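Nothing in this text is a laboratory measurement; each read-out follows from the coordinates by a stated rule. None of these values were measured; they are calculated from a predicted model. In this analysis, Cβ positions are derived from the backbone assuming ideal geometry, glycine residues included, and neighbour counts consider all displayed protein chains.
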Amino acid sequence: MAKLSLLFILGTVLFFGCQNNTSDGVVIRDKTEFKAKLDSLRFFDSLVDIKKAADNKLAHKFADKALSLALSMNTEEALAKAFIIKGIAYKNYKSDSSFIFYSKALKIVDKNNFIHLKAKLYYNIAMVYLAAVDYKMAVIFLDSSVNNSRRWGEFPLLSNAYNALGNIKNSLLDTTEARIMFDSAYFIAKRNNLSSQMGVALASRTLFEKDPEITEKNWQDAIKLLSRHLGNEEQISLIQINLGLMKVNPDSAIAHYRSSLDVAKSGNFPELEIAAFNNMAYSLLEKNDFQGAENCLKDHAIPIAQRIEDFDWLSSLFDTYADVMLAQSKISKAFKYERQSLKMRLEANRKYANDQVRLLSVLLDVKNKELRIQSNESIIRMKENRIRLALFLFGCAILILLLTILFYSWRLQKNKIRYQDSLLKSANKLIDLEENQKGKISMELHDLANPFYIAIVKQIDLAKISDPLIERELKEKLSTLTEGIRAISHRIDNSFIGQIPLPDLIYGLTNDVQTISAVPIHFSCIDYQINLSYEKTMHVYRIIQEILFNAMKYVTSGKVEIELAVEENHLFVFYSDTGPGMESGFPVKKGLGISNIHERARILGGKAIMNSEVGSGTQWNISIPLK
């Protein structure tokens, strides 16, 4: 920044100092003064090229000063250079305005045959056609730029032109030609010790490298080359993002995204800041850091995109936000952000269509003006109207097609989410009804236990059993049975479930079932400190309860085994028995209890897999995410 400030001050001093020595801004009386003004013009050219993306307002100020200086010099060559500088200042934001200034410069260059200015002018005009996706015209002007750059020894421009040709060939999937262009750009820059151009070309060549280690090394070398000079922040930031995308380890990827952010902020490249934050959100999502992923989007990326009104990025960011919500099973919020994404996509397409139509209109206007000089004005006007009408109709057709496709996609997505949501709601309602019914049964069991006990005791007393030992044994067994009924009624009740940890609940359940089952039931739990929410505890308990009740019906010999385990943020339930088994597919289709197990697992975002064959017993493998 200190160097840039010094250049700006020096250029300004030379500018105003030279103005004072001109006669009414018309005649330059001294060659030394003229040379000083040319030097100032070159300074402004360099400053605009460096600042055109990082600080466009400042770049425009420098461009305006260059134009004022050129007017004071009163030469066609200086004016052509100033128009080129003005075009560069508009390059990244208003391609149509940029092309207008380049066209003015081209007229002066062709009129006066300023051959030494053609290489740079042709290159910049090619970039405008590239923005309009007119590859044919872009290649024509780049070829002309290559020929003139080689003739005048402008090797930085020659390397840039080859690199641009390589990008076009790569876009057209002509990888062989693309490699040749990138290699040419690299070796020209290397021979002439052009570190910036060599860094860009090296990064481009690496796109075809298949070895990840070589790719990473080349990109690191490209960063070192680009870091030698100011104005390469955009390329460095982009390479850091690509390095992050290569990394399998999310922490390593995040480190590269942070480096990209630092460079993008220093160079004022908001689009790259957005890209880095968006990719960082996905890396944090891999680490299950949902809050961190939300913060990247909500606190950083989305506000930046809204500030610069980049609807294309806003669409992508809201889509990423929807993925974060889905990862947390927040279906309604995910649907909300998907709708926002589609809305922003429509706005982005509309804005892009407007920009392209405006740019194409400028390009066509310039061509039409040339045709008017050569042909009858009325005929040209008719052609112009036809072209504009065709463009308008074509643009409308494309816009309608895009809107139709987007609307259809939106409707499909909406119906899919609505269907999934209705399934979950239906499952929840059925399970709520079941839980209410179990609560009523629990109360009835509990209320009937004492009357049942008293009535049977009276019957035993009336029977007047002669042997007091038998009478006492009957009453003790009756008391044990009554207590068991009370315990079962407690375990059926939801309020009881919410008060006891899951392992203790399962342990008590297996003891209750064991009292009425002749088959041994083995329960094991590696970690008894399993803390689940009430909802998860209830569903997991009911799943195991349903499995054990099925075992009571069908398993008459052998053993039953149940195991609880926690691994990788998941709760696993493993069950196996030596029962008769069942035919493949039958329980899933017709068994209400089996369906209940699957529905409860799905509500918790998990999976329930049953393996059973006739004569080989039954096994369950159930996994429930803890977060």
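Distance between the 7 Å Cα→Cβ label points at ILE180 and ARG350: 4.6 nm. Quick one: Debye curve from the alpha-carbon atoms of region 498-625 only, equal weights, vacuum; give me log10 I(q)/I(0) at q = 0.12, 0.19, 0.20 Å⁻¹ to two decimals. Log10 I(q)/I(0), no solvent term: -0.42, -1.09, -1.21.
If R0 is 25 Å, the Cβ-Cβ spacing of ASP421 and SER533 corresponds to a FRET efficiency of close to 0.75.
The 3J(HN,Hα) values that the Karplus relation (6.51, -1.76, 1.60; θ = phi - 60°) gives for region 207-219 are, in residue order, 4, 9, 7, 9, 7, x, 5, 5, 4, 5, 4, 4, 5 Hz. Gly and Pro appear as x. A straight chain from PHE407 to LYS383 at 0.36 nm per residue would run longer than the Cα-Cα distance by 5.1 nm. Once the C-beta distance of LYS210 and SER252 is scaled by a Förster radius of 25 Å, the resulting FRET efficiency is 0.80 to the nearest 0.05. Most tightly packed first, judged by the mean number of other beta-carbon atoms within 10 Å of their residues, the peptides 466-473, 608-615, 76-83 read 76-83, 608-615, 466-473. The label point for VAL566 and the one for ASN621, both projected 7 Å from the Cα toward the Cβ, are 2.3 nm apart. In terms of packing, defined here as the mean over residues of other Cβ atoms within 10 angstrom, the peptides 166-175, 386-395 line up highest first as 166-175, 386-395. Residue ranges 197-206, 243-252 sort as 197-206, 243-252 when ordered by packing (mean number of other C-beta atoms within 10 Å per residue, highest first). Phi angles across region 408-418 convert, under the Karplus curve 6.51 cos²θ - 1.76 cosθ + 1.60 with θ = phi - 60°, into 3J(HN,Hα) values of 4, 5, 5, 5, 4, 5, 5, 5, 5, 5, 5 Hz, Gly and Pro given as x.
Let's test the formula: R0 of 22 Å, r as the Cβ-Cβ distance of ARG339 and CYS396. What FRET efficiency results, to the nearest 0.05? Write down the numbers at each step before the final one.
Details: r = 25 Å, r/R0 = 1.14.
Between ARG339 and CYS396 the formula returns 0.30.
Once you've got the Cα coordinates, tell me which of LYS61/LYS343; LYS61/LYS120; LYS190/LYS287; LYS104/LYS136; LYS57/LYS169; LYS136/LYS336 are over 31 Å apart.
Over 31 Å apart, Cα to Cα: LYS61/LYS343; LYS190/LYS287; LYS57/LYS169; LYS136/LYS336.
Counting neighbouring beta carbons within 10 Å and listing from fewest to most, the residues THR404, THR510 come out as THR404, THR510.
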